[in-house]
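These notes concern the structure reproduced below.
The values are calculated or read from the model by the stated rules, or taken from the named source; none is laboratory data. For clarity, every value in this text was computed on a predicted model and none was experimentally measured. We place every Cβ from the backbone using ideal geometry, glycine too, and count neighbours over all the protein chains shown.
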Amino acid sequence: MLLTPGDTVEMEIDWDNRFDNMQRHAGEHILSGAVYRLFGGANRGFHMGEDAITIDIDFRCEDSVRNPDGSPRYERLTWEMAMAAEQEANRVIMSDAPIRTDYFSTREEAEKMPLRKKLRIDRDISVVTIGDPDNPADCCACCGTHPSSAGQIGILKIYRIEPNKGMSRIFFECGGRALRHYRDQFNTLYDIGTALSSGIGELPAKFAAYEEKNRETLETLHRLKRRLTEAETEELRRVMKPRLVRHYTDLTVDDLFQIAKRISPDCPDRIALVADPACTVVLVSDGRPGTECGACVKELASGFGARGGGKKESARAIFPDRASLDRFLNAFTSEE
């Protein structure tokens, strides 16, 4: 429909989306204020993404908490500091502190407010204050949308922190999103606990026991693999002949390279160790002219769709399928 001047248009706000943004935006104010009041960290960046809200906290600002020598007391936000800020933010939310917006015509008028951040504009300034204006939980120039009280945010939850360009990036959520994220994580813990026949409180001990058992299993596997590769090394020395091809289903490509390192000096010509599940061939020789393994991959195996390479004494060729591998092996064993 084409609109013309004077037409009347009816619009409807997508309230669910609007309120979601209001909860997230006001939560960012409260958390930024908490970090600033507790630790002197300044919010230098803010983003409301689909998966999380992020703020970048900088402790290098002039009004951050300082040591006696004038250096910042904090270099980064630790998890313990983040949890303290989260607790303080949720205290403000549970107090249902009022959220108000005041409008000022000039910078001079707005700067009479206890602002957390310096102003960047000179006129038509809106300032959002959360809590008592004489001792606010936060006070900052902002043109976004906010609920009328902190209790409408519901809950604020920090998920993780990480370093970012000399600052500390906080990932968190508010309101309905925080509840959904918590529910998803709780359901995951519940499912894991059910699978392990364990209550959620017992999961750390169960996981520690699982890790110890896994470590013991890996050590046992390592010992068995070492015995197997040593036995296979001796067997290869016994049956060694030019263009020998050996297939393996229970050894990895890395295992075959360990064997290759041991038998390379004993190879009269190139031999092929085949890791069947991986459609990969490990070529081995003593590296003499005419037996170079890397050259064989480049000159012969590549013609059958293989990719890979290596040095004179050993190289790998990875084939796209079993048929290509078999054609290569036929050519390899019949090559003059």
When (1) touching a Lys or Arg at 6+ places or on another chain (Cβ under 8 Å); (2) more than 20 Å from His29 (Cα to Cα) are applied to Lys206, the one that fails is (1)
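Conditions (1) of a type in the set (Ser, Thr, Tyr); (2) farther than 26 Å from Asp58 by Cβ; (3) assigned to a loop (DSSP other than H, G, I, E, B), marked per residue:
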| position | (1), (2), (3) |
| --- | --- |
| Thr129 | yes, no, no |
| Gly151 | no, yes, no |
| Glu162 | no, no, no |
| Phe171 | no, no, no |
Being in contact with a helix residue (DSSP H, G or I) (Cβ under 7 Å, 6 or more places away or on another chain) and closer than 30 Å to Ala82 by Cβ, is that true of even one residue in the range 3-17? no
Name the single residue, out of those in the range 9-46 being over 18 Å from Lys118 (Cβ atoms) and among the basic types (Lys, Arg), that is surrounded by the most Cβ atoms within 10 Å (Cβ to Cβ). Arg24
Check whether at least one residue in the range 150-173 is of a type in the set (Ser, Thr, Tyr), surrounded by 16 or more Cβ atoms within 10 Å (Cβ to Cβ) and on the phi < 0 side of the Ramachandran plot, and report yes or no. yes
Name the pairs whose Cβ atoms lie under 9 Å apart, with the first residue in the range 49-74 and at pLDDT below 95, the second of a type in the set (S, T, N, Q) and part of a loop (DSSP other than H, G, I, E, B), and 6 or more positions between them or separate chains? Asp58/Ser64; Pro72/Ser64; Arg73/Ser64; Arg73/Asn67; Tyr74/Ser64
Only one residue in Met83, Met48, Met11 is among the hydrophobic types (A, V, I, L, M, F, W, C) and over 23 Å from Ser168 (Cα atoms), so which one is that? Met11
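Listed here are the residues, each with its yes/no results for (1) touching a residue at least 40 places away in the same chain (Cβ under 8 Å); (2) small (Gly, Ala, Ser).
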position	(1), (2)
Ile161	yes, no
Ile170	yes, no
Gly176	yes, yes
Arg180	no, no
Gly193	no, yes
Ile200	no, no
Ala205	no, yes
The range 253-288 - residue that is without any contact (Cβ under 8 Å) to a residue 40 or more places away in the chain and small (Gly, Ala, Ser) and, of those, surrounded by the most Cβ atoms within 10 Å (Cβ to Cβ): Ser285
If a residue has to be surrounded by 14 or more Cβ atoms within 10 Å (Cβ to Cβ) and in contact with a helix residue (DSSP H, G or I) (Cβ under 6 Å, 6 or more places away or on another chain) to count, how many in the range 100-129 make the cut? 5
Does any residue of the range 1-20 turn out to be in a loop (DSSP other than H, G, I, E, B) and touching a Lys or Arg at 6+ places or on another chain (Cβ under 8 Å)? no
Kindly provide the set of residues from the range 219-243 that are of a type in the set (Asp, Glu) and either out of contact with any strand residue (DSSP E or B) (no Cβ under 9 Å at 6 or more places or on another chain) or free of Cβ contacts under 8 Å to residues at least 12 places away in the same chain (or both), ordered by number. Glu219, Glu230, Glu234, Glu235
Pick from Glu202, Glu162: which is of a type in the set (Asp, Glu) and modelled with pLDDT of 95 or more? Glu162
